[in-house]
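A.B. asks: What follows is a single structure, and I will ask about it in a moment.
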Amino acid sequence: MKGESPALNGDMDIMAKTAIITGSSRGIGAAIALRLAKDGYNIALNDLNEGMFENNSIADDIKALGVEAEIFCADVSKYDQCEEMVKAVKERFGTIDVLINNAGITRDGLMARMPEEQYDMVIAVNQKSVFNMMKLAGNVMIRQKQGKIINLASVAGLYGNPGQINYSASKAAIIGMTMTAAKELGSRNINVNAVAPGFISTPMTDKLTEEQKAKMLEAIAMKRYGTVDEIAGVVSFLCSEDASYVTGQTIEISGGLSM
Ligand code: NAP
């Protein structure tokens, strides 16, 4: 690994930095992984199983940029699986400098008809996972005395969205968790921020009905959907030294949805 990465800056004794991105086989997570690879990070990819990486070239695309990439399968809603993954990433790369909590699901339905299990499932995957990973990777960062954590919230967590009582609860919680973790970890030189995307074209939003999509477009000042690269760019900035005094913030990336 040493000597191959642009992040080494020619110094053989300095280990390249490592970023772990949950749910990164596709969509926003894959775009963030590629962008951070371009920024010089070794990349720990994650998703539920290896099969999810079979039909894409994300790991090879990252390696082609001159950094390392490896897939670590884990269900991030399960604490023990996160524990094993964080240990494996640390063993493989030596450090964990950036954690992107990106894995997320939607299971939409009106509150009046939503089964309890449907609520609990979204909370487990979107919210509990953030506790699991911030605690475990955060402890590695505390020992390293530096780190960056970025959590994927959503405009649904800021303003609510009909049919998404479970999703908006999970994303609003992430905003509170981001501020709490920023306060707990700030003195250890660890920045914790969130981004709140609006309507971004990905497999997740492809599931919305045409009517839902048209309604959303009407409310967006820029009159277009966002791209995964527009999320990755802001995440890259938050991971950079240019954002070294930014912590506990949630940056909305929505083309002006809320105004
Ligand atoms: P996506 O295309 O559905 O990708 C999410 C990835 O996370 C999928 O590969 C998914 O696998 C994986 N995942 C799900 N549960 C997991 C688990 N328990 N453990 C590990 N990985 C898991 O979603 P996206 O649109 O890129 O969204 C990424 C993040 O941005 C999410 O947190 C989402 O809530 C947030 N966000 C997206 C938008 C948007 O407009 N797209 C807007 C606001 C916020 P499966 O295929 O098995 O589910």
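A.B. asks: Tell me the residue from A69, A19, A64, A37 that is open to solvent by 20 Å² or more (accessible area, probe 1.4 Å) and aliphatic (A, V, I, L, M), please.
C.D. replies: A64
A.B. asks: With respect to the numbered conditions (1) farther than 19 Å from N126 by Cα; (2) over 19 Å from the mean Cα position of the chain (by Cα); (3) among the charged types (D, E, K, R); (4) within 16 Å of the ligand (Cβ to nearest atom), which one is the sole condition not fulfilled by D229?
C.D. replies: With respect to (1) farther than 19 Å from N126 by Cα; (2) over 19 Å from the mean Cα position of the chain (by Cα); (3) among the charged types (D, E, K, R); (4) within 16 Å of the ligand (Cβ to nearest atom), D229 is out only on (2).
A.B. asks: A follow-up question, please. Out of (1) more than 14 Å from I251 (Cα to Cα); (2) open to solvent by 60 Å² or more (accessible area, probe 1.4 Å), the odd one out for Y159 is which?
C.D. replies: Condition (1) is where Y159 drops out.
A.B. asks: Could you check the range 83-172 for helices (runs of 4 or more DSSP H) lying wholly inside it with 3 or more residues that are among the acidic types (D, E)? Walk me through it before giving the result.
C.D. replies: Details: elements: 116-122, 129-144, 155-159.
Once the helices (runs of 4 or more DSSP H) in the range 83-172 are filtered for at least 3 residues that are among the acidic types (D, E), what remains is 116-122.
A.B. asks: Now for a separate question. Counting only residues that are small (G, A, S) and surrounded by fewer than 18 Cβ atoms within 10 Å (Cβ to Cβ), which one in the range 43-61 is farthest from A103 (Cα to Cα)?
C.D. replies: Step one: of the range 43-61, the residues small (G, A, S) are 44, 51, 57, 59.
After this cut, where a residue has to be surrounded by fewer than 18 Cβ atoms within 10 Å (Cβ to Cβ) as well, the list is 51, 57.
Values: G51: 16, S57: 19 Å.
Among those residues, the one meeting the criterion is S57.
A.B. asks: Show the residue pairs that are 6+ apart or on different chains and have beta-carbon atoms under 8 Å apart, the first residue being within the range 50-76 and acidic (D, E), the second being part of a loop (DSSP other than H, G, I, E, B).
C.D. replies: E68/M1; E68/E4; E68/S5; E68/A16; D75/L48
A.B. asks: For the range 142-156, which residues satisfy the criterion of being of a type in the set (A, V, I, L, M, F, W, C) and either buried (at least 24 other Cβ atoms within 10 Å of the Cβ) or within 16 Å of the ligand (Cβ to nearest atom) (or both)? Lay out the reasoning, then the answer.
C.D. replies: The first filter runs over the range 142-156 and keeps only residues of a type in the set (A, V, I, L, M, F, W, C), leaving 142, 149-150, 152-153, 155-156.
Once the filter is applied, which keeps residues that are of a type in the set (A, V, I, L, M, F, W, C) and either buried (at least 24 other Cβ atoms within 10 Å of the Cβ) or within 16 Å of the ligand (Cβ to nearest atom) (or both), the range 142-156 yields I149, I150, L152, A153, V155, A156.
A.B. asks: Taking the range 72-82 on its own, how many of its residues are open to solvent by less than 60 Å² (accessible area, probe 1.4 Å) and in a loop (DSSP other than H, G, I, E, B)?
C.D. replies: The qualifying residues number 4.
A.B. asks: Still on this structure, please answer the following. Applying the selection to the range 177-204, what residues are in a helix (DSSP H, G or I), at pLDDT 95 or above and within 16 Å of the ligand (Cβ to nearest atom)?
C.D. replies: Hits for the range 177-204 are M177, T178.
A.B. asks: What number of residues within the range 51-72 are within 14 Å of the ligand (Cβ to nearest atom), touching a helix residue (DSSP H, G or I) at 6+ places or on another chain (Cβ under 6 Å) and not aromatic (F, W, Y)?
C.D. replies: 2
A.B. asks: Just wondering, is there one or more residues in the range 211-221 that are more than 19 Å from T106 (Cβ to Cβ), surrounded by fewer than 16 Cβ atoms within 10 Å (Cβ to Cβ) and not aliphatic (A, V, I, L, M)?
C.D. replies: yes
A.B. asks: Going through I165, I174 one at a time, which residue ends up being open to solvent by less than 10 Å² (accessible area, probe 1.4 Å) and either touching a His at 6+ places or on another chain (Cβ under 9 Å) or among the aliphatic types (A, V, I, L, M) (or both)? Break it down into steps so the answer makes sense when it comes.
C.D. replies: Numbers: I165 fails: open to solvent by less than 10 Å² (accessible area, probe 1.4 Å).
After applying the criteria, what remains is I174.
Each row is one residue, and each column tells you yes or no for (1) more than 21 Å from N191 (Cα to Cα); (2) more than 12 Å from the ligand (Cβ to nearest atom); (3) in contact (Cβ under 8 Å) with a residue 40 or more places away in the chain.
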residue: G109; (1), (2), (3): yes, yes, yes
residue: P115; (1), (2), (3): yes, yes, no
residue: Y119; (1), (2), (3): yes, yes, yes
residue: S129; (1), (2), (3): no, no, yes
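The values are calculated or read from the model by the stated rules, or taken from the named source; none is laboratory data. Source: prediction; values computed, not measured. Every residue, glycine as well, gets a Cβ built from its backbone with ideal geometry; the counts of neighbours run over all protein chains shown. All accessible areas refer to the heavy atoms of the entire protein, side chains included, with ligands and DNA or RNA removed. Shrake-Rupley method; radii C 1.70, N 1.55, O 1.52, S 1.80 Å.
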